[in-house]
Structure formats: structure tokens, C-alpha cells
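Data first, discussion second: the structure below is written as C-alpha cells.
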Amino acid sequence: MEYSPSVLGQMLFTGALMGSIYGAVAMGFSLIFGVAKIVNFAHGGVVVWVMYGVLLAARSGVAHPYVAGLVAIPLCYWIGHGVQRTLMARVSAMSDDMQIIYTFGLLLVLTYMAQFFFGPDVHYLPTSGRSVEFGGVVLQAETIIAGALALGSALALHAFLSRTWLGKAIRASADNRRGAMLIGLDVTRLSRVAMALSFALAALAGTILITVTTFYPLRAFELAVLAFVIVVLGGMDNVFASFVAGVLIGMLEALGTLIFSPSIAQMAIYALIFAVLLVRPQGLLSRQATK
Amino acid sequence: MKSTFWLPLLVVFTLMAASVPFWGSGYSINLLTQIFLFGFLAAAWNFMALTGLVSLGHAAFFGVGGYATAWIYLNGGANLVVGALTGMALAMFLAFVVYWMAFRSGLRGIYFSGLTLVLAEALRFAAINTPALGRSQGLELVSLHLPPYLLYGLTVALLLLTVAGTWWLLRSPLGYRLQAVRENEGAAEALGVHTFRVKLAATLLSAGLVAIGGALHAVLLRFVEPESDFGLSLSLNLLLGTFLGGTGTVLGPPIGILVLFGLREGIARLGELLALGSSGIYALQQVLYGAVLMLVVVALPDGLVTRVQRWWITSRGASAQTRPAAASPDSSRAAPAVRPAPPAAMSPQARLRDDSPSAANTPYLEVIDVSRSFRGITALTNVSFELCRGEILGLIGPNGAGKTTMFNVISGIFPAQRGEVRFKGERLSALAPHQVCHRGVARTFQIVQPFAALTVLENALIGALARHARIAEAREAALAALAQVDLHAKRDLPATSLTLQDRKMLEFARALATGPELILLDEVMAGLNESEKSQIADKILEIRDTGVSFLLVEHNMRAVMQLSDRIVVLDHGKVVATGLPSEIAHDPGVISVYLGRSLAHAPVSRAA
Amino acid sequence: MQKDQDSIGQNDRQNIRRAVLKGGAVAAGAAFVPQFAKAATEIPIGVVVGLTGAAADYGRDALRAFQLVADRVNRSGGIKSLGGATIKLLVADHQSDLRVASSETERLITRENVLGILGWAASGPARVGSEVSERYQVASIDTSVDYKLTERGLKYFYRAAINTRQTCERGVEFVQEMEKTQGAAVRRVAIVHEDLAYGTGAGDLFKAAIERVGRWQLVDRVAYTAAKLTEASGIVNKLKAQNVDVVFQASYPADGILIQRAMKQLRLNLVANVHPAGAPPNLQYVGNLKDDANYVITTLGWTPSMAEKLPAGAKATVDEYTKRHNVAVQDQAGYSLSAAAAMVAALSQISSLDRAALWQAIDKIDVTFGQDPNVIIPFGIKWDEKHDNSKAQPVVTQILGQQLAVVSPKELASHAPVVPAPAWDKRG
């Protein structure tokens, strides 16, 4: 097989773009773990519900997917606030295994409620058919937009967390909850903001995903595992690192597909994460020297 | 008390289980075998959970066991036993390699869970892509015809053995150490527990048993394939079942699995009753199942077994309340006879050494030129001092002076980057905390960390296990240590029910139980009122008289001055002054370090 | 286990004893004794299909088909040779789970004492379930398509449906035919398949068939994980880079849709894209892809558009099904109608409710398309030495105008095949 520049280019770009989308999925999960120390498997379920919401809006002609997404994001932010108050408040105090079970239960509830209401069928939104071509590389317009949105939100989030007062406060309470309380930060409110942001990110992820791929209720499980694995690889303390790790995984997938096959690429990705964890247990991109 | 509750239950169960082959159809026997197999798997998973680590990838070992059995059956002459044993050995080897590396890297919490999950998934994909293993279709153990009651009997036997094994383990030295590690690894390490070895032992045991389960499963269903054998749902079900019943308990895992199965069946039947049309029912069933899981976590965080046990205890009402009360008069009446005379018990070692004339005044603990920095921040610079046997040496200094770092270096939590620490002439600096403990140096922690799930006696027992291999002897030593700090009467109470002062005494007792010659006390007086402080001070002096030396870090000037024979003053990681309390109190350098006020008013030490 | 006995002509009492002994569970046997003791009013036939889980669509279709045939028989007076006994279907859901398939099959056999089994409408459960029925020496007629099911030498397992070997080989054969008749040049081919049992099996079969052709160069075999596929341009990119002319593909609906879309996006122009059933016949495929689904070729045993060309009796059956259930007869339903027909035909040959008798009757059946209205798959049912349906012939269909149209064989074809498929740029 000839690995011509266009073939390689196609692989690189698609891999990077898909990886950014994976990163967007992982960021919300990472944020809530980093701040509230909650392993939230239900994150995948939220993404899928958003996808259904956007689907309904688009199919019924009410709104274009991106517009629906614009509505979904603040809506989910508000919902996230409420969820933290009701469901998640006690979760941060739970031990690891309790959290896993609790959020997994929540994931089941979300996923199968979606299946109950919407059926198990596969859906996807028809694409505009517009694409960008250069040098033999063909990129779907939606994919580019999705990748750009993902990157944009990652940068925005990074800026928020490192430059704004609220962002720094959130990071402070994540690093040292007690210390943050002692200096007068309202850690509960900060956790709430973090959770709300996490939901908003899920909404973003759902919106861009639905413009790009097929979905059905059980995607939620795949997304939950994907987010988990990405965040473990990238390191839990840094949301931007999760994004980068997502891009990395997207590119590995593309590379593995080109050289071997997608199935083997999956195995290679898992094997790689395994190796990384053993050598650098705090995650590939974590800022900590040791865990 | 516990055994009288569960023992009749177990007997009834065994009888019922043994009767099944006589009246059950092939179908029932198979179904029960599957349920008991999962109960056995959960009990095996439980061993791993005893270390406090949540493994989401036990399917890796299960699958290795199953596939090895299947492959050897098909290619190696239809020998099932060889296959199962090979699978077990492979799984244990895999576990050894993986967890050895993981523990060395210090993987914990969600990272560890992630590692295990990734391992199982990697193996699943490897199986999917390997032609020799049948790829996605897996392997079939064709023409394998074992009578169902044989498999059933084997499964029941394994389940009972594992449950019994768990009961025995929890009462063995390894079991106590495991519980300590699970509660608080750092504290356990300081008490001489070789945490790495303990966790690895539990892991290997767990992996080996789960592999046997995988082998049995392969024989039972006559096939292995990637999803059933390496799938995430298997690992999740083990977690769920064990948690539901109660992680770390003896009967929890199998009971939890039983309840899990029952729950699923119940929801399925409910679905049939409601007759909503199949995809509707299925979806709602899963929703209900998920909701129940969430509810269980909130309502039964310790699992069913623990909850039932507590209910059993409280339902016995008055008799339960009088029992502890009855215990104390009993123990106090028996005390004169049973209670070991503390000085006699503790001092033989110390006395022997005291008697040798040359031993007096030789440096016991030598800190020589120790330097340590963390990521550019220098915590200690060329710190040197000595502690003689039988001495109480006080280490003081303002906040951030490096006192706790010094402790951590001595007790082996951090190595010294330059210089060394010697104890009785031997190097201490390169040792791990548990080794330091075995050499005779114990420590307490600034923030008291009792092992919450254990009783007072059991807490002390952990320390005693550092010196005594057998439970019986360790128990005696633990009782002696408790007696020394006047906690003997409260020995059966849960550690969490103690007051702060008692908890400090418990820390003390734990350290004492390790039979130390030197104890590092890290701010033992913090948080106590005046009378409590003087009680502890008296205790320290009492114990010093039995031959134990002390290195104290304390903020309370009065106490340090009164207690210490000598004082070392640290500031910004350097030794500023060494000498008698009276000298230190008037040393201008020291005073300026502290800005003087409290020091100027400290009374001179009595011991001088 | 007891040996098979010549049971034709034995009286009822001996049947009861045998049934009880075979059942093994005294209680269960006692519950059924009264029924057998009376003039055998009900014939228990077990149905194990997936009503929930991954294979739920197929299972539900199968059940509908079985019920239709059973009801029809019962309405017209039952099985005459058994004194007008009616067929009672005892249904179990295997949830597309192998463990459940095994235990449910066993339950129906040992607890419900079914005479024979219809199932399992999914290859994995069929593999496991048939092991159980073989152990208990209960005859089963299956509608799953995995070719490996009949490679095991089981005596009591029969497959009424088409199998993957037939569909894959027909696919390869069809491309060769197209080369000749349409002058389509084929040099380089590739296989794309999902990595579970269905896809891998099809992949193996395609590979073997392609190697037998010899002329073509098999440039790649791409295995992917269906559940994890979020976009397929990586796969299509690879295919494009290797200049393939024909892609032989085995996918589930969701991933099939993604791959087809990527083919459009990257403008991979193929001579043909051939599937052995799988994604294209599924309503969601065309439902989502609309015109982008056109020109995809699928080989299978039955498709709704065949209804027009059926003999009258078969057509009536199809119409009845469509009216009753408001859906067209999809492939599983088609196979299941025919499987049920085989079961009924066998039941009509026995004179006592005996498992061994039923088994022998099933073994001997020879039903032809057109004679038995229940048999709708071409061209009838008769078993070869592997217990595959030697009369079954796959048809080749192509999606034209968003409809699955039969293009071969001629007697059932409604359209002529369009090969090579028009380039993407030239499509509307």
C-alpha cells in the first residue's frame, strides 16, 4: 500500500479532529473528578440525552443542531447545578467503589430511560454534504466545526481555570479542599459550579457528536468508558490534559487503523494506556512529579 | 457473637445445598451452579477488596483461567485439571507482574481501577484478534460431558472453602494486617506492616481463585469467548455483588450475589406481570435495576450483611447493652490476675541492656548531617544531633522548621538525600518504614489515625504483630501495651468511639505494642487540655522508666521544657541550638528565633 | 443417556413413563402427566429467541412468524395425525446472552418437557442452545445464519435458514458473473468486517471464496469493533489508498451506516459493495442513509420485495403476516415461517408425542416452495448431510431507489443489477 501524503494527511487530520471530540467528552468527566473527586460514569448518559434532545429539535425542524446546542448548553448548566444539589452532594464523600456503583446505576437509569422513550434504533443527522478539500484530504464540514468547537472550549476552559478568579478558586478547592475552606471559599458553591460546567461540557460534546456520528442509547456506555480511559491516561488533575489525551487517542486510533486494523488499534490503545500507567502513574500529562 | 449468628445459617445452607442433586432437575442444578460460582468469584474478589483497592478488571484473571482450560483441553489432550492449574498459574503470574509494577509506582484509587480495567480490555481485544483462540467466536469444549452434580458439588465445595478461608484469614495475622492497610496504609507501615507484601499476597490469592472460577465456568458452559470471559460486565457484577453484601465481610459477597440474581429475576418477573411489550420491559427493568443500585449505595453503604448484623445486635436490646458493662467489671475483677504488670512485661529487654555498664550514654540514635529538600525547597540542611538511651529528647522550632520532615526521614518515609541516620550503630536511613519499625523505632502521627474499623485491642494488635508472629502472643503483648496506657478496660470498644485523649493514648499503645526502644512522638499533646496534657506527660515519664527512649516534637513549650532531658532547636531546616532546657530557655539565638516571649516564661525542666 | 428407540406404535402409558424419565424432574413430569394421559390436546414446542438485547429485532420477528404458523395450524383443526392436537408454543427469551440461552433452553427441555425446539434467531445463542438440546436429544430447527453451526456434526440440530457460507459465496460468485455480463473489471478486492462472531465468520468465508477465484488480489482485510466505531473515514481512507474495486463487507446497521457515509464523503468509487445480509436489509440503514444507500448489494435468503413473485399460497402467508403485525416480512421472519413450516410438516408425520419420533420425522422432511404455503423461502426445505437446508438458495438484492430489489435469480428478480455502481460525483 502506498502511504501517499494525502493518505497520511487524511489520517492525521481525521484522527486529530475525532480526538478533539473525544477530548470534549472527556473534559466534563475530568472536571468533575478533579474538583469534586467524583467519578461520574453517568456523564456518558448525559451526553446521550443531549444528543436525543438535539435530534428531536433537528428532526422536527424546530432548530438547526448547532442552535439547539446553543440552547442545550446553558440548559444543562442549570440542570447540573440542580443535580449537584440533589444527587451528587453526598457522592463526594463516598468511597471509590460506592461512587462507581452509584454513578453506574445512574448511567443505567439514564441510558435505558432514553431507550424506553426513544427506542433502541440507530439515528444520525443527515450531513450538509459540504466538505473541505485540500491535497487529496477530504474533511467533512461538520467534523471540522466539531473539532474547532472542541478545541475552542478546551482553550476557553483552560483560560477560565487559570486566569479568572472563579476558575482559580475552583482549582484551589480541588487541590486542597480544607485549605480552601479555611481561606473562606464556599467549596460547596464551587463544586456546584464545577458540576454545572461539567454538564455544560457534556451538552457541547453531545451536540458536536451528533453532527458527526451515529448514535443509539447504548453509546452512553461506550462514551463513559472512553471518558474514563482518556482521563486516566491524561492525568486527573488537569482538564486540558484530558483534552490532549483525547486527541492522542484519536490519532492513535487513526494510525492503528491505517497500519493494522481498527480492532487491533483498540487493543494497542489499551495496551499503551496500561504501559503508561505503570511508568507514569499520575497520568501522561499530569503536572505532578509523583502521585 | 458473630459466629453464633452465622454458623447455624451456614449449616442449614450446606444441608440444603447437599440435598439439591437429589431433587433438582438438570436445569436447576445448572442454574444453582452458576449462582454459587458467582458467589465464589465474588468471595475471591473480596480478598482483593480487603486491601482497599477496587479492581475493575478481575475479568482478566477469569478469562485467563477459562481460556487456558479451554485451549489445553482442545490442544493438550483433554486434561481439565492441568488446564485449570495452568490457568491459575498464568493468572497469578500476570497478577504478580502487573501489581508488582503498580505498587512500585504507587498506583492508587481510580488510577488503579483504571489500570485493571484497561488490562482486561486489552486482553479482550487480544482474544478477539487471535485466530488460535477462536477470535470472537471463542473456543468450544466439544464432547465434554461431565455430570452436572459433579460440577455442582465442586462449586459448592469451593464456595464453602473460600468463605471459610475468608473467615480464617480475617482472624490471621495477614488478615489483621490487611485490614490495617486498608484503613490507613501509612499508619500500618509505621507499625511494621510490610504493606507491599500484604497487598500482593491478597492480590495473588484473589487472582488465582478467580482463575479457577474461570476454568470452572468454561467447563460448565462448554465455551469461552471474549465477551463472556473478559467482558467488563463480569468485573462490574463482582463489584456490585460484593458491595451489596458487604465488602470485606465473610458472608457478604455470596449473599450479595444471591440478592443480585434475585433482584434481576424479580425485576424480570415484574416486567412480565406488567406486560409492557418486550423492549419496553427490558428498558424499564434496567432503569429499575440502576435505581436500586443507587438506593443501595445510599441506604446500605456497608452492605446487607453488616446491616443485618447490626440489626441482630440491637434487636437483642438489653442483653447487648449489659454485655459491655458486664465486661468491664469482669475484666477489672480479673484484671489483677489477667492484667500483666506493665513494667515487668516491658522492661526485660530494656533492663538487660540497662545492666550493661558500657551501654549507658552511648548514642542510641544518631542523626548525622542530614539534608533533605523537596522540589527546590530545602527542608533540612546538615542536621545533626544525638539521642542517648533512656533519654527524652525534645525537638522544637517554629512552624516550617522541618521537625516533621526530620521525623519522616528517621521513620523511613523519605530517604535523606545527604547524611545518614543511625540507630544502635546501624544505618536506618535506607530502610522502609516497616523495616524501621522492626529495628525498634516506632512513631506516632500528628493527626491521630486509629484503624477505624477495628477495636481498640485490634488496633494495638497490629502493632504487636510486628514483634510476634502468632496471634496469641501478639494479643498478650497488645493487652500489656493497652494496660500501660490505661486503655485495658476499653479494649473491646471500636476505636472510633474513643475521646481524643484516649485516641492519643491508643496511638501510643500501638507504638508500644511493637516493642520499640525508641518512640518518635509527633505533637502528641496537640488538642488536649491542661489536665490531659499532664496525664500524657506522666505516661511518657512512666514509660521512659521502663527503658524506652523518646524523641518529641511539641509546640507546647511548657510541656517540652518539663519533659525533655535535652532539647534540639531547629529553624529553617538547620540546628540552631542543642542543650539542656534551662540553657535553651535563655539562649538568645533561640529566643530570637521564636521572638522570645513564650520561652522567657518557660519553667526549667524537673529532670535536670 | 437412553438410546433412541423405535417408538412408533407404542401406547400412551409407555410414552408417559418415558416422558417422565426423560424429563428427570418428578414434579415437572407429574404436572404434565394428566395432559398426556388425556387425548394429547397440546403439543408443547419450545421457542427460544432473543426478545431483548442485541438480537431483539430478529427474535421478535421470529416469534411473530412462529406464532402465525402455529395459529394457522390450530385454527384449521390442529395436527390431524395426532388427533387434532394443537400446537402450544412455550416461549423463552435468551436476551442475546449466551448464559441465558443455555439455561433457558435447558429449562424448556427439562421443566416444560417440550417436544422440539424452534429458535434461536441469533448465532451465538444458537451455538450454545443447540449444545443443550443435543445433550438431551431434542430436535431443534434453527434460523440463525452462521455457517459454523452446522460444522459441528450435531445430530439433532437442523438449520432452515440460509447460511453465511451460501450468502458469502453467492456474493463472490455474483461479482464474477457481473464481470462477465457487465464487463466490469475487478482486480483488487478488500474485506471489511466487524470483529464479533458474525463479521469474523463472514470475513473468513469471503477470504476463502476469494482465494478460490484466484484472479483477484485480496489487498486488505479490515476488522473493526462495531460498538467503538464513531467514524469510518480511517477505514475508507485505507481502502481508497489501496485502489480497491470491490469491497465485501459484514456490518451491523450503525457501523454500516457510518462506513457507507464515509465512502460517500471520501468518494470511494467501487465496482460493487457486497454484504451477506447484515446492515443493508435493516430498515435503519436505508432510513438513515436515504439515497446514499443505493447500489449496495446484499445476498440473503429472503427479502420483502420477493413477495410479489411468490407462489399464491406463500404470498397469502406473507400478506397475512403483514396485515397482522403491520410490518413487512423481514429476513428472520421469512426463515422462521419456513422453519415453523418444517416443524409442522414433521409433526404431521408422527402419530405419538415422542421426541425421537419427531426427530426422525424432521430428518426426513422434503417440502417444496409452492406446495406448502408456509414455506416462503426459495425453494423449499430439505436437509443435506450437514443438516443445512439444501433447497435454500440465496437471492441477490441491490438497493435501488431506496428499496431492496431482487436482481438475481431471474425468476425472482424485479430489476436488473446496476454494476459497476455509478461514481459518487455522478449520483443525483
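The values are calculated or read from the model by the stated rules, or taken from the named source; none is laboratory data. The structure presented is a predicted model; accordingly, all values stated were derived computationally and were not measured. In this analysis, Cβ positions are derived from the backbone assuming ideal geometry, glycine residues included, and neighbour counts consider all displayed protein chains.
To keep it simple, each residue is scored yes or no on (1) in a helix (DSSP H, G or I); (2) in contact with a strand residue (DSSP E or B) (Cβ under 8 Å, 6 or more places away or on another chain); (3) at the interface with chain A (Cβ under 7 Å from one of its Cβ atoms).
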position: B:Leu85; (1), (2), (3): yes, no, no
position: B:Ala89; (1), (2), (3): yes, no, no
position: B:Ile110; (1), (2), (3): yes, no, yes
position: B:Glu121; (1), (2), (3): yes, no, yes
position: B:Phe125; (1), (2), (3): yes, no, yes
position: B:Ser136; (1), (2), (3): yes, no, no
position: B:Ser143; (1), (2), (3): no, no, no
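Taken over the range B:147-162, the criterion of being modelled with pLDDT of 90 or more, among the hydrophobic types (A, V, I, L, M, F, W, C) and touching a helix residue (DSSP H, G or I) at 6+ places or on another chain (Cβ under 6 Å) is satisfied by B:Val156, B:Leu158, B:Leu159. Could you check, for the range C:60-83, whether at least one of its residues is closer than 17 Å to C:Asp142 by Cα and touching a His at 6+ places or on another chain (Cβ under 6 Å)? Within the range C:60-83 (the criterion being closer than 17 Å to C:Asp142 by Cα and touching a His at 6+ places or on another chain (Cβ under 6 Å)), the answer is yes, since at least one residue qualifies.
Within the bounds of the range C:56-76, is there any residue that is modelled with pLDDT of 85 or more, part of a loop (DSSP other than H, G, I, E, B) and surrounded by fewer than 20 Cβ atoms within 10 Å (Cβ to Cβ)? Within the range C:56-76, one or more residues are modelled with pLDDT of 85 or more, part of a loop (DSSP other than H, G, I, E, B) and surrounded by fewer than 20 Cβ atoms within 10 Å (Cβ to Cβ). Screening C:Gly153 with (1) within 20 Å of the chain's Cα centre (by Cα); (2) assigned to a helix (DSSP H, G or I) gives one miss only, at (2).
Does A:Leu55 satisfy the criteria of being more than 14 Å from chain B (Cβ to nearest Cβ) and among the aliphatic types (A, V, I, L, M)? Considered against the rule, which asks whether it is more than 14 Å from chain B (Cβ to nearest Cβ) and among the aliphatic types (A, V, I, L, M), A:Leu55 comes out as yes. All of A:Phe274, A:Phe240, A:Phe228 fail the test of being within 22 Å of A:Arg171 (Cα to Cα), facing another protein chain (nearest Cβ under 8 Å) and not acidic (Asp, Glu), apart from A:Phe228.
This table checks each residue for (1) at pLDDT below 85; (2) within 21 Å of B:Leu244 (Cβ to Cβ); (3) within 12 Å of chain A (Cβ to nearest Cβ); (4) in contact with a strand residue (DSSP E or B) (Cβ under 7 Å, 6 or more places away or on another chain).
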{"site": "B:Glu265", "(1), (2), (3), (4)": "yes, yes, no, no"}
{"site": "B:Arg269", "(1), (2), (3), (4)": "yes, yes, no, no"}
{"site": "B:Gly277", "(1), (2), (3), (4)": "yes, no, yes, no"}
{"site": "B:Gly290", "(1), (2), (3), (4)": "no, yes, yes, no"}
{"site": "B:Leu300", "(1), (2), (3), (4)": "yes, yes, yes, no"}
{"site": "B:Arg307", "(1), (2), (3), (4)": "yes, yes, no, no"}
{"site": "B:Ile313", "(1), (2), (3), (4)": "yes, yes, no, no"}
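Within the range C:297-312, residues that are assigned to a strand (DSSP E or B) reach partners that are charged (D, E, K, R) with beta carbons closer than 8 Å, at six or more positions or on different chains, in the pairs C:Thr299/C:Arg170; C:Leu300/C:Asp331. Do you know which residues across the range C:380-395 are surrounded by 17 or more Cβ atoms within 10 Å (Cβ to Cβ), more than 13 Å from the chain's Cα centre (by Cα) and part of a loop (DSSP other than H, G, I, E, B)? Once the filter is applied, which keeps residues that are surrounded by 17 or more Cβ atoms within 10 Å (Cβ to Cβ), more than 13 Å from the chain's Cα centre (by Cα) and part of a loop (DSSP other than H, G, I, E, B), the range C:380-395 yields C:Lys386, C:His387, C:Lys391.
Of the strands (runs of 3 or more DSSP E) lying entirely inside the range B:546-608, not one contains at least 2 residues that are over 30 Å from B:Ser373 (Cβ atoms) and at pLDDT below 75. Residues that are out of contact with any helix residue (DSSP H, G or I) (no Cβ under 7 Å at 6 or more places or on another chain), surrounded by fewer than 17 Cβ atoms within 10 Å (Cβ to Cβ) and in a strand (DSSP E or B) occur in the range B:404-419; there is at least one.
Entry remark, the range C:135-146: residues being surrounded by fewer than 24 Cβ atoms within 10 Å (Cβ to Cβ) and either out of contact with any helix residue (DSSP H, G or I) (no Cβ under 9 Å at 6 or more places or on another chain) or more than 10 Å from chain B (Cβ to nearest Cβ) (or both) number 1 in total. Of the residues that sit in the range A:247-271 and are facing another protein chain (nearest Cβ under 8 Å) and touching a residue at least 60 places away in the same chain (Cβ under 8 Å), which one is surrounded by the most Cβ atoms within 10 Å (Cβ to Cβ)? This residue is A:Ala254. Taking the range C:95-114 as the range and being crowded, with 24+ Cβ neighbours inside 10 Å and assigned to a loop (DSSP other than H, G, I, E, B) as the test, the residues that pass are C:Asn113, C:Val114. Among the residues that make up the range C:125-134, is at least one of them more than 10 Å from chain B (Cβ to nearest Cβ), crowded, with 21+ Cβ neighbours inside 10 Å, modelled with pLDDT of 85 or more and in contact with an Asp or Glu (Cβ under 7 Å, 6 or more places away or on another chain)? Yes, because at least one residue in the range C:125-134 is more than 10 Å from chain B (Cβ to nearest Cβ), crowded, with 21+ Cβ neighbours inside 10 Å, modelled with pLDDT of 85 or more and in contact with an Asp or Glu (Cβ under 7 Å, 6 or more places away or on another chain). In the set (1) in a helix (DSSP H, G or I); (2) more than 20 Å from A:Gly246 (Cα to Cα); (3) polar (S, T, N, Q), A:Thr127 fails one condition alone, (1). Residues in the range B:238-250 that are out of contact with any Phe, Trp or Tyr (no Cβ under 6 Å at 6 or more places or on another chain) and either away from chain A (no Cβ under 11 Å) or outside any helix (DSSP H, G or I) (or both): B:Gly245, B:Gly246, B:Thr247, B:Gly248, B:Thr249.
Within the range C:228-262, the set of residues being over 13 Å from A:Val138 (Cα atoms), more than 7 Å from chain A (Cβ to nearest Cβ), surrounded by fewer than 24 Cβ atoms within 10 Å (Cβ to Cβ) and charged (D, E, K, R) comprises just one member, C:Asp245. The lone criterion from (1) of a type outside the set (S, T, N, Q); (2) touching a Gly at 6+ places or on another chain (Cβ under 8 Å); (3) assigned to a helix (DSSP H, G or I) left unmet by B:Gly192 is number (3). Among the residues of the range A:24-43, those that are more than 13 Å from chain C (Cβ to nearest Cβ) and not in a loop (DSSP other than H, G, I, E, B) comprise A:Ala26, A:Met27, A:Gly28, A:Phe29, A:Ser30, A:Leu31, A:Ile32, A:Phe33, A:Gly34, A:Val35, A:Ala36, A:His43.
The set of residues in the range A:1-16 being part of a helix (DSSP H, G or I) and either within 9 Å of another protein chain (Cβ to nearest Cβ) or surrounded by fewer than 19 Cβ atoms within 10 Å (Cβ to Cβ) (or both) consists of A:Pro5, A:Ser6, A:Val7, A:Leu8, A:Gly9, A:Gln10, A:Met11, A:Leu12, A:Thr14, A:Gly15, A:Ala16. Against the condition in contact (Cβ under 8 Å) with a residue 12 or more places away in the chain, within 30 Å of C:Tyr136 (Cα to Cα), in a helix (DSSP H, G or I) and more than 12 Å from every other protein chain (Cβ to nearest Cβ), how does B:Phe36 come out, does it pass? Taking the combined requirement at face value, the residue satisfies it. Listed by first and then second residue, the pairs linking a residue in the range B:476-497 that is farther than 15 Å from B:Phe508 by Cβ to a residue that is of a type in the set (Ser, Thr, Tyr), with Cβ atoms under 9 Å apart and 6 or more places separating them unless they lie on different chains, are B:Ala489/B:Ser328; B:Ala489/B:Ser331; B:Ala489/B:Ser332; B:Asp492/B:Ser331; B:Asp492/B:Thr455; B:Leu493/B:Thr455; B:Pro494/B:Thr455.
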